[in-house]
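For reference, the structure is listed below as structure tokens.
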Amino acid sequence: MSGWIDRRRSCFTLVRSGTREESGAVKNSLIRSTGYWVPSNVISNDELVASYNAYAERFNREHGAAIDAGEIAEVPLSSSEFIRNASGIERRHVYEKSGILDIDSMVPRIPPRPIEEISTQAEFAMKSVQIALDKAGYDGSDIDGVIVASSAQQRNFPALACEIQNAIGANGFAFDMTMACAAALYGLHMANGMIKSGQARRVLVCSPEIMTCINVHSRREVHFIFGDASAAMIVEADDGKPGGWDVIGTHAENKWSSALRSDYGFINIAEQSVDPDFAPHLDQDGHRVFKDVVGFAPKVARRMMEDIGLAPEDVRRTWLHQANIRMVDMIAKRILDRDRTEDNAPAILQEYGNTSSSSVVMNFEMHSDDMVAGETGVLCAYGAGYGVGAAAVRKRA
Ligand code: COA
């Protein structure tokens, strides 16, 4: 069954730049501004590994007899050296630090809030949303669509986007969508299509990612991967105002895989009513994800580039999702047809880890000021699904 699904490819409609402008019916879209925010709390690899290893040693001590009898497996130790060498990650910024490092909890401590207060994730989103609005010189009433595009939302409904829309005083539609680490570029793809079709004039796409709540810090294979960050983009119709980045192409594409999955969700409580020991799954087959995504992601980006007539040598920079430094190296090389450098494909994961969908927007914002009008870059983000989003942008005068 999975082989059958694996061979299938679903593909959103490609939205090209410049297809109908001549008739005057279509307005091109542009990224007017971006914003990102990271918490000031930092956990180094050494701190994280010390906590994880203390948990593993205690578990192994307490379950020594069962381990010796072969009934359960020993929990293996982690190491900072492995994490740095295998992933490139050196530290991560986190929403709340003490709960993650406490081996009795290993999750952030976040107090529940009364329903009259803004929710934790909406407040987290607002930190980057406000920066993007301020940079653009807009307030909420200038926005006519809000898309929350992230790995997870803290509740099922009302949509987080509705809460953010209300918080900024925006008009029009608001909805949440998920596509894991690729979500922000799926959001950009949708915003671009809506603007070109005349359905929206100015869309806020925001990606608030508190990934340390999703991660399992007691599982060696994944405990080091994620950090927390929030990012936002304002995408609008081109009304001739200077500045920003023309969106000259977007593309989004999927290929089914469950090699990376998080099963936390609304059915868990029903499952636990049948099996109280049931623990939802968060795991990945790291090798498989690495190999599959390094093959798939650049193909999607190159398909988009070919469709809009963009040659690799005409791309000054690619801003890639940050998961693993070797993946960044290989994907950059396949998109650009040249070796990766910090100039042509910057890396930010050493400081932030994998901040899921927010990472590509953060990377773009951190490494775009030096580009000059007329220069072109490609954003590419990939993750569970598998889903890959790509966008080509050109700096405006
Ligand atoms: N500390 C110490 N050793 C570890 C370890 C840890 N935290 N995790 C695994 N190891 C060990 C393994 O047991 C294995 O030992 P062995 O060779 O004796 O069997 C060895 O290190 C290699 O493990 P492996 O899982 O093959 O490591 P890797 O080189 O594939 O790196 C990842 C692991 C997760 C960093 C890497 O696979 C990866 O980044 N994959 C992509 C995942 C990804 O990007 N996900 C998000 C997509 S958006």
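For the listed residue pairs LYS291/LYS333; LYS127/LYS333; LYS135/LYS299; LYS27/LYS127, the alpha carbons are over 24 angstrom apart in LYS127/LYS333; LYS135/LYS299; LYS27/LYS127. Spin-label model, LYS291 to MET366: label points 7 Å out along the Cα-to-beta-carbon direction sit 3.0 nm apart. The alpha-carbon of LYS255 sits under 12 angstrom from the alpha-carbons of these aspartates and glutamates, leaving out residues fewer than 8 places away in its chain: ASP6, ASP292. Dipole check for the chain: with +1 at the C-beta of Lys and Arg, -1 at the C-beta of Asp and Glu, and the Cα centre as origin, the magnitude is about 1260 Debye. So for the chain, taking the charge dipole from beta-carbon charges (+1 Lys/Arg, -1 Asp/Glu), which of ALA167, GLY137, PRO242 sits furthest toward the positive end? Looking along the dipole axis, the top candidate is PRO242.
Of the peptides 139-145, 298-304, 267-273, 388-394, the order by per-residue mean of other Cβ atoms within 10 Å, starting with the highest, comes out as 388-394, 298-304, 139-145, 267-273. Here each label is just a point 7 Å from Cα along the line to Cβ, and for ARG261 and VAL42 those points are 3.7 nm apart. Computed from label points 7 Å out along Cα-Cβ, the spacing between PHE157 and ASP277 is 3.7 nm. Do any trypsin sites (Lys or Arg not before Pro) in the range 78-143 lie in a loop, going by DSSP, with at most 14 other beta-carbon atoms within 10 Å of their beta carbon, and if so which? Those satisfying the criteria are ARG109.
Rounded to the nearest 5, the antiparallel percentage of DSSP beta bridges internal to the chain is 75%.
Taking Cα centre as origin and charging only the Cβ of basic (Lys, Arg, +1) and acidic (Asp, Glu, -1) residues, the dipole magnitude of the range 248-395 rounds to 480 debye. The Cα center of the range 324-377 and the Cα center of the range 257-274 differ in position by 33 Å.
Candidates HIS281, ILE269, ALA311 compared by Cα position along the dipole of the range 211-322: farthest toward the positive end lies ALA311, with charges placed on Cβ.
None of the figures in this text is laboratory data; all of them are computed from the coordinates on show. No experiment lies behind these values; they were computed from the predicted model shown. Neighbour counts are summed over all protein chains in view; Cβ atoms, including those assigned to glycine, are modelled from backbone coordinates with ideal geometry.
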